[in-house]
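These notes concern the structure reproduced below.
The values are calculated or read from the model by the stated rules, or taken from the named source; none is laboratory data. Note that the structure is a prediction, hence the values are computed from the model and not measured. Counting neighbours? That spans all protein chains shown, and the Cβs are built from the backbone with ideal geometry, glycine included.
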Amino acid sequence: MENKLFIYNTLSRKKEEFQPLNEKHVGLYVCGPTVYGDPHLGHTRPAITFDILFRYLTHIGYKVRYVRNITDVGHLESDGDVGEDKIAKKARLEELEPMEVVQFYTDRYHQYMDQLNVRKPSIEPRASGHIIEQLQIVEDILAKGLAYESNGSVYFDVEKYNKDHNYGRLSGRNIEDLLSTTRELDGQSEKKQSYDFALWKKASPEHIMRWPSRFSDGFPGWHLECSAMSARYLGTEFDIHGGGMDLLFPHHECEIAQSTVANGHTPARYWMHNNMITINGQKMGKSLGNFINLEQFFDGKHELLEQAYSPMTIRFFIMQAHYRSTLDFSNEALKAAQKGMERLLEGYSKLDKLAAGETSSFDLQELKEKCYAAISDDLNTPILIAHLFEAVKQINNMLSGSASLSADELDQFKTFMKNMVVDILGLQMESQSQESGNDEVLSQTIELLLNLRIEAKTNKDWATADRIRNELQAMGVVVKDTKDGFEWGLK
RNA sequence: GGUUCCUUGGCCGAGUGGCUAGGCACUGGUCUGCAAAACCAGGUACGGCGGUUCGAGUCCGCCAGGAACCUCCA
């Protein structure tokens, strides 16, 4: 691959040059949502971050198998081992079959991801569809003596594992600290140590999601699903594992421990973690109750929102910060993102109008190199976007004749901009894409009016000219005069 | 309490020792019948105190404030 990619690997805490296990192929696994509620702003961060990674790897020529799971079982409320299953609880409250809850919120998740122009993963497996694989791992770990059975449940023996391996190598914790900082919780008497985690849980009588096993009728521990599904679809060793920083411990640490015992090595070579979105400086999360759903962003109906924000505005907002930094929500920041995005997309849409000049007045190769350097540097989208604004400036200058590109370079420039804006950043024009049927009639009508306005202007009939402009504006049609005519767009 | 991390101009947000980040907002100008858009120009910055260095927003120490994880959360 001619374009190198450097990514920050949580395992080594350094930026490393990405080297795939198999030339030309990349296996990517990202922890997906637990489908017991509507997606909120926080869910967009990993979705968009790894969408860009997926798009960029594809762009530079890799064949990427991107697996992003749907968690529909095993994810417990309030505590890793004693709470109620999130899906089951929702189902009980709503008097639904658990799989109805799963289907409903999975569909909703897909709908919002489509609006954000997040590409679909190659495979989207569900935890409940991989119980057999998960039980197999439980058997493997038991056979190696690193798990123990207790009252129908099976727990991972962290202390024993830590003798030969480093439990905490990903999260930077050590087992002594864990002992002293883990709270005493009810219902833990089955475990040897508080930090042991469940591989299989015996279902209590009222628990509706249950599968038979030789241990008990029960369900798999939460961490197990990712080990099982990544191994099934990407092999026991694959390239990149991604997810939110809040999953680093215990989820990913446990995943490493399980897979290491089952397969003899760490599952993924590169671990990437996106940071959190904050609201008033605090993490936006379900448990804190300070989250804003995507539906609320898109229709503006939330007390903290001053207006509605489009899916592309949200996408651009996320991309204007580096994925490993926290990103603070505010109306002011969202509005700034919206304006910036409009400026970038407007500039991009003017590319088609450019005519080639005799010579080139700016260094296209340098611009391209700077852009590739930015995205290759651990997906530095804010820097990439800064360079793209430079490109927009050049487009505007070319339009007014104060800059130019030769025919050959203009073609390159157009392709390059499409690669960056559309293929890699995944931005798309919003107003046009929504219209379809009435489009032609509408445009012709508006252009008729605007041509009348030109006549009025020629006759210095400013009153009529302004009336047409103002009334169109009131209907949501923005009119801009140009040297030899007009431009218009729908707001 | 433990671990890790953060503190940049009015707002958001890049920047891992020397070179203008960028966007939004603001001010002035050019263009235009006016407006919008566009373009040009401009200002405001690195939490505090020390240290290392020829040179620090960038490295080290201390202090202050904040966050994440340690329990489910993307």
>> Show me the strands (runs of 3 or more DSSP E) found entirely inside region A:85-204 where at least 2 residues are hydroxyl-bearing (Ser, Thr, Tyr).
In response: A:147-150, A:153-156
>> With the requirement that a residue be surrounded by fewer than 22 Cβ atoms within 10 Å (Cβ to Cβ) and under 23 Å from the mean Cα position of the chain (by Cα), what does region A:254-269 give you?
In response: A:269
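Okay, residues lined up against (1) of a type in the set (Gly, Ala, Ser); (2) farther than 30 Å from residue A:5 by Cα; (3) outside the structural domain of residue A:382 (by TED's automatic domain parsing); (4) buried (at least 16 other Cβ atoms within 10 Å of the Cβ):
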{"site": "A:287", "(1), (2), (3), (4)": "yes, yes, no, no"}
{"site": "A:291", "(1), (2), (3), (4)": "no, yes, no, yes"}
{"site": "A:307", "(1), (2), (3), (4)": "no, yes, no, no"}
{"site": "A:312", "(1), (2), (3), (4)": "no, no, no, yes"}
{"site": "A:333", "(1), (2), (3), (4)": "yes, no, no, no"}
{"site": "A:338", "(1), (2), (3), (4)": "no, no, no, yes"}
{"site": "A:351", "(1), (2), (3), (4)": "no, no, no, yes"}
{"site": "A:358", "(1), (2), (3), (4)": "no, yes, no, no"}
{"site": "A:369", "(1), (2), (3), (4)": "no, no, no, no"}
> Does residue A:262 satisfy the criteria of being more than 9 Å from RNA strand B (Cβ to nearest atom), more than 25 Å from residue A:63 (Cβ to Cβ) and either outside the structural domain of residue A:305 (by TED's automatic domain parsing) or touching a residue at least 24 places away in the same chain (Cβ under 8 Å) (or both)?
Replying inline: yes
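Each row is one residue, and each column tells you yes or no for (1) near RNA strand B (Cβ under 8 Å from one of its atoms); (2) surrounded by fewer than 18 Cβ atoms within 10 Å (Cβ to Cβ).
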{"residue": "A:320", "(1), (2)": "yes, yes"}
{"residue": "A:385", "(1), (2)": "yes, no"}
{"residue": "A:396", "(1), (2)": "yes, yes"}
{"residue": "A:401", "(1), (2)": "no, yes"}
{"residue": "A:421", "(1), (2)": "no, no"}
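Okay, residues lined up against (1) more than 10 Å from RNA strand B (Cβ to nearest atom); (2) over 26 Å from residue A:84 (Cα atoms); (3) surrounded by fewer than 22 Cβ atoms within 10 Å (Cβ to Cβ):
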residue: A:35; (1), (2), (3): no, no, no
residue: A:40; (1), (2), (3): no, no, yes
residue: A:43; (1), (2), (3): no, no, no
residue: A:47; (1), (2), (3): no, yes, no
residue: A:51; (1), (2), (3): yes, yes, no
residue: A:59; (1), (2), (3): yes, yes, yes
residue: A:62; (1), (2), (3): yes, yes, yes
residue: A:65; (1), (2), (3): yes, yes, yes
residue: A:69; (1), (2), (3): yes, no, no
> Of all helices (runs of 4 or more DSSP H) completely enclosed by region A:404-488, which ones contain at least 2 residues that are small (Gly, Ala, Ser)?
Replying inline: A:431-434, A:439-458, A:462-474
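For region A:211-229, give me each residue that is assigned to a loop (DSSP other than H, G, I, E, B) and buried (at least 18 other Cβ atoms within 10 Å of the Cβ).
A:213, A:215, A:216, A:221, A:222, A:223
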> Among the residues of region A:308-318, which ones are within 14 Å of RNA strand B (Cβ to nearest atom) and in a loop (DSSP other than H, G, I, E, B)?
Replying inline: A:309
>> Being more than 8 Å from RNA strand B (Cβ to nearest atom) and among the small types (Gly, Ala, Ser) is the filter here; which residues of region A:328-373 pass it?
In response: A:349, A:355, A:356, A:357, A:360, A:361, A:373
>> Quick check on my filter: what residues within region A:268-304 are under 21 Å from residue A:246 (Cβ atoms), away from RNA strand B (no atom under 14 Å from the Cβ) and in contact with a Ser or Thr (Cβ under 8 Å, 6 or more places away or on another chain)?
In response: A:268
>> Of the residues A:385, A:454, A:446, only one is closer than 30 Å to residue A:7 by Cβ and out of contact with any helix residue (DSSP H, G or I) (no Cβ under 6 Å at 6 or more places or on another chain); which?
In response: A:385
>> Suppose the filter is of a type outside the set (Val, Ile, Thr) and under 12 Å from residue A:198 (Cα atoms); does residue A:140 pass it?
In response: no
> Consider residue A:3 against the criteria (1) within 12 Å of RNA strand B (Cβ to nearest atom); (2) surrounded by fewer than 17 Cβ atoms within 10 Å (Cβ to Cβ): it satisfies all of them except one. Which criterion is unmet?
Replying inline: (1)
> Any residue at all in region A:155-173 that is within 16 Å of RNA strand B (Cβ to nearest atom) and over 26 Å from residue A:263 (Cβ atoms)?
Replying inline: no
>> Just to check your reading of the model, which residue among A:410, A:425, A:399, A:405 is in contact (Cβ under 8 Å) with a residue 40 or more places away in the chain and either closer than 27 Å to residue A:324 by Cα or polar (S, T, N, Q) (or both)?
In response: A:425
>> Please count how many residues of region A:376-401 are in contact with a Ser or Thr (Cβ under 8 Å, 6 or more places away or on another chain) and at pLDDT 95 or above.
In response: 1
